[in-house]
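The values are calculated or read from the model by the stated rules, or taken from the named source; none is laboratory data. These figures come from a predicted structure and were not determined experimentally. Here the Cβ is made from the backbone with ideal geometry for all residues, glycine too, and neighbour counts use every protein chain on show.
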């Protein structure tokens, strides 16, 4: 593939459909024809391509990651994104991303393809997606080398929340990550970012190994599969999934990094012109929706903003294979370092409700759960140690305050309710 640099005065970005023979839908933002032929570039000006495959791309975090990838400001990198979603979601997600590209128009040549995905098909759908990505670039001009293309799988696909059989759901998660690593191992130069969880760092009430606060070296040693607790089963599955992924990736020489976010909150990025649904099916959005409607008390949670989670994923995905983080299987906690009280969160949501004059939500209906004082570490005290590593490894990333996260999330939900 040979790329050229165009003068801004000679190009317009337009949306073009890309034919697909695999049952998937694809589209691209591409330069339209120009009467002024572009000048050839030197080898030093050759633009790199970044190929990102996102499992669970229709979800709360997955969709935010794709938005973040498409908004990248790297002048020398163009992005190809493959969104992997349930087969029943392909049509809606195609419509959604078509609207995004048509409305916003990325500043560079970017492509988005939506393909069906099933994490329990033994890796078949992921293999189809990877085969599509590699085949596309292998057919490009011989002057491009593998060194100008980065491949990264962001594995987010996971069920969070109560299910009819949460023990089977937990086992399914492990089956899914196993086939994911095995499939990626068949391809050269493909990195894996596993979206794990703070649940894999500590179990409910577990004391930090250093006696003070949790670090990336802590592992959940308490959670078990329990018939009467979907939460414990979920925590067990995240812990075992991460362990299995690390072990298998090491055996099969798959470069990987684990990211362990705490409870994810924040507004969902959404394209208003799309007929597809927003990410309101998210457990986080559903939960906070219940809080602001007064259906359940506001709770104190160790948390991180979804926008910061996405930013961290994409920044790590940009790191070259030569970076030590891949071979050393680095593990990073993504979180603010302390909880704030449920009362303070409730106050932020009450302010948002009051800003609308109480026409949509009654501020007085929002109330806090004041009984919970924290787990092994009291509310307000440092619970995790991660800020320095986030700044060091993620380009100076500083997490948004909890207050800002809930203020923006409340505004987002208020708009959805109007």
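As a summary of the residue check, residue 129 satisfies the conditions (1) outside any loop (DSSP other than H, G, I, E, B); (2) under 21 Å from residue 309 (Cβ atoms) except for the one numbered (2). May I ask you to verify whether residue 20 is part of a strand (DSSP E or B), modelled with pLDDT under 65 and either closer than 24 Å to residue 131 by Cβ or in contact with a helix residue (DSSP H, G or I) (Cβ under 7 Å, 6 or more places away or on another chain) (or both)? Spelling it out, it is not the case that residue 20 is part of a strand (DSSP E or B), modelled with pLDDT under 65 and either closer than 24 Å to residue 131 by Cβ or in contact with a helix residue (DSSP H, G or I) (Cβ under 7 Å, 6 or more places away or on another chain) (or both). Filtered by the rule that a residue be crowded, with 19+ Cβ neighbours inside 10 Å and more than 10 Å from residue 182 (Cα to Cα), the stretch 247-262 gives 255, 256, 257, 258, 259, 260, 261, 262.
Given the criteria touching a strand residue (DSSP E or B) at 6+ places or on another chain (Cβ under 8 Å) and either assigned to a loop (DSSP other than H, G, I, E, B) or closer than 30 Å to residue 73 by Cβ (or both), does residue 346 qualify? Criteria not met by residue 346.
Among the conditions (1) over 27 Å from residue 405 (Cβ atoms); (2) at pLDDT 90 or above, the only one that residue 226 does not satisfy is (2).
Being over 24 Å from residue 89 (Cα atoms) and modelled with pLDDT under 95 holds for only one residue in 188, 165, and it is 188.
Against the test of being out of contact with any strand residue (DSSP E or B) (no Cβ under 6 Å at 6 or more places or on another chain) and modelled with pLDDT of 95 or more, the options 207, 245 yield a single qualifying residue, 207.
Count of the stretch 36-61 residues, restricted to those that are modelled with pLDDT of 90 or more and over 17 Å from residue 110 (Cβ atoms), is 6. Residues being in a helix (DSSP H, G or I), under 30 Å from residue 320 (Cβ atoms) and out of contact with any strand residue (DSSP E or B) (no Cβ under 8 Å at 6 or more places or on another chain) are entirely absent from the stretch 223-237.
Looking for something closer than 19 Å to residue 155 by Cβ, in a helix (DSSP H, G or I) and touching a helix residue (DSSP H, G or I) at 6+ places or on another chain (Cβ under 6 Å) - is there at least one such residue anywhere in the stretch 68-75? Scanning the stretch 68-75, I find at least one residue that is closer than 19 Å to residue 155 by Cβ, in a helix (DSSP H, G or I) and touching a helix residue (DSSP H, G or I) at 6+ places or on another chain (Cβ under 6 Å), so the answer is yes. Would you call residue 172 at pLDDT 95 or above and surrounded by 16 or more Cβ atoms within 10 Å (Cβ to Cβ)? The answer is no for residue 172. Within the stretch 361-401, which residues are within 24 Å of residue 206 (Cα to Cα) and exposed (fewer than 15 other Cβ atoms within 10 Å of the Cβ)? Of everything in the stretch 361-401, those that are within 24 Å of residue 206 (Cα to Cα) and exposed (fewer than 15 other Cβ atoms within 10 Å of the Cβ) turn out to be 370, 371, 373, 378, 380, 381, 382, 388.
Just wondering, is there one or more residues in the stretch 268-280 that are within 30 Å of residue 411 (Cα to Cα), at pLDDT below 95 and part of a helix (DSSP H, G or I)? Among the residues of the stretch 268-280, not one is within 30 Å of residue 411 (Cα to Cα), at pLDDT below 95 and part of a helix (DSSP H, G or I), which makes the answer no.
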